[in-house]
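Written below as structure tokens is the structure these notes are about.
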Amino acid sequence: MSTQQNTVTAGGSDTPGRPARDMQLPECGHWSGAERRHCRAVDSIRLYVIGHRCPLHTPAALQGKPEPQPGPGWPVFRQEQCS
Ligand SMILES: [Zn+2]
């Protein structure tokens, strides 16, 4: 007799590859040297090259420049599609 062992561990309990999102909302990562803390604002956070920033701490705002306005070819409502 041959005992064929099928060791298939297809358990549905463990789902690898699941991103750990929705655990933390994006917050402004601007470091306020005067207050010695991060801004950590969560309203109207947008992702810039330097990271997530609130409207007060965008790269343009920090340089005293007006925000770049959406123009032709610029994605007006750029949503982060997480699929
Ligand atoms: Zn901020």
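Pick from VAL49, VAL8: which is more than 13 Å from the ligand (Cβ to nearest atom), surrounded by fewer than 10 Cβ atoms within 10 Å (Cβ to Cβ) and modelled with pLDDT of 65 or more? Step through it out loud before you land on a result.
Working: VAL8 fails: modelled with pLDDT of 65 or more.
VAL49 is the lone residue from the list that is more than 13 Å from the ligand (Cβ to nearest atom), surrounded by fewer than 10 Cβ atoms within 10 Å (Cβ to Cβ) and modelled with pLDDT of 65 or more.
All but one of (1) touching a Pro at 6+ places or on another chain (Cβ under 9 Å); (2) within 16 Å of the ligand (Cβ to nearest atom); (3) modelled with pLDDT under 95 hold for PRO59; which doesn't?
Every listed condition holds for PRO59 apart from (1).
If a residue must be aliphatic (A, V, I, L, M) and within 8 Å of the ligand (Cβ to nearest atom), how many such residues does the stretch 29-46 contain? Steps first, please.
Initially, the stretch 29-46 is screened for residues aliphatic (A, V, I, L, M), giving 34, 41-42, 45.
Still in the list and also within 8 Å of the ligand (Cβ to nearest atom): 41.
So the answer is 1.
From (1) away from the ligand (no atom under 14 Å from the Cβ); (2) at pLDDT 95 or above; (3) surrounded by 10 or more Cβ atoms within 10 Å (Cβ to Cβ), pick out the condition that doesn't hold for ARG78.
Tallying (1) away from the ligand (no atom under 14 Å from the Cβ); (2) at pLDDT 95 or above; (3) surrounded by 10 or more Cβ atoms within 10 Å (Cβ to Cβ), ARG78 fails exactly one: (2).
The values are calculated or read from the model by the stated rules, or taken from the named source; none is laboratory data. These figures come from a predicted structure and were not determined experimentally. Reconstructed Cβ throughout: ideal geometry from the backbone, glycine too, with neighbour counts over all protein chains shown.
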